[in-house]
1. State whether the residues of the range 14-24 include one that is within 13 Å of the chain's Cα centre (by Cα) and modelled with pLDDT of 95 or more.
2. Residues 31, 37: which one is within 16 Å of residue 62 (Cβ to Cβ), open to solvent by less than 70 Å² (accessible area, probe 1.4 Å) and either touching a Gly at 6+ places or on another chain (Cβ under 9 Å) or modelled with pLDDT of 60 or more (or both)?
3. Could you list, in sequence order, all residues of the range 38-83 that are in contact (Cβ under 8 Å) with a residue 40 or more places away in the chain and among the hydroxyl-bearing types (Ser, Thr, Tyr)?
4. Out of the residues in the range 59-70 that are open to solvent by 70 Å² or more (accessible area, probe 1.4 Å) and at pLDDT 95 or above, which is nearest to the chain's Cα centre (by Cα)?
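The values are calculated or read from the model by the stated rules, or taken from the named source; none is laboratory data. Treat the numbers as computed from the prediction; the structure is a model and nothing was measured. A quick note on method: Cβ atoms are made from the backbone with ideal geometry, for glycine too, and the neighbour counts reach across all protein chains shown. These area figures cover heavy atoms from the full protein model, side chains too; ligands, DNA and RNA do not enter into them. Shrake-Rupley method; radii C 1.70, N 1.55, O 1.52, S 1.80 Å.
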Amino acid sequence: MQKVLIALGVIALTSAAALASATEGVVKEYIKHTKIIKLEDGNSYAVPFEVAVPSELVPGSKVLITLDDRDSRKVTGVRVSPK
């Protein structure tokens, strides 16, 4: 039974990962009160309230933004790449 539960957990995790895509770029501007990230390539992303934004996110930071595959404008995660 334990092996079945572990297998189901692995399947759930891998299928959730399959539903996510990502984009990366350099931050041009971050507006804290609206949680909008503007990249140098011209794209902007509104980060939902429930998604954490790293405190080290500043203009010039290289960022990886994870998006929902069903809605390519829905941000599901934000990570700052080390310099």
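1. Within the range 14-24, the subset within 13 Å of the chain's Cα centre (by Cα) is 17, 19-24.
Narrowing the set further to residues that are modelled with pLDDT of 95 or more leaves none.
No, that holds for no residue.
2. Working: 31 fails: within 16 Å of residue 62 (Cβ to Cβ).
From the options 31, 37, the qualifying one is 37.
3. 66, 72, 76, 81
4. First, pick out the residues of the range 59-70 that are open to solvent by 70 Å² or more (accessible area, probe 1.4 Å): 59, 62, 69-70.
Restricting the remaining residues to those that are at pLDDT 95 or above gives 59, 62.
Values: 59: 17, 62: 13 Å.
By that ranking, first place goes to 62.
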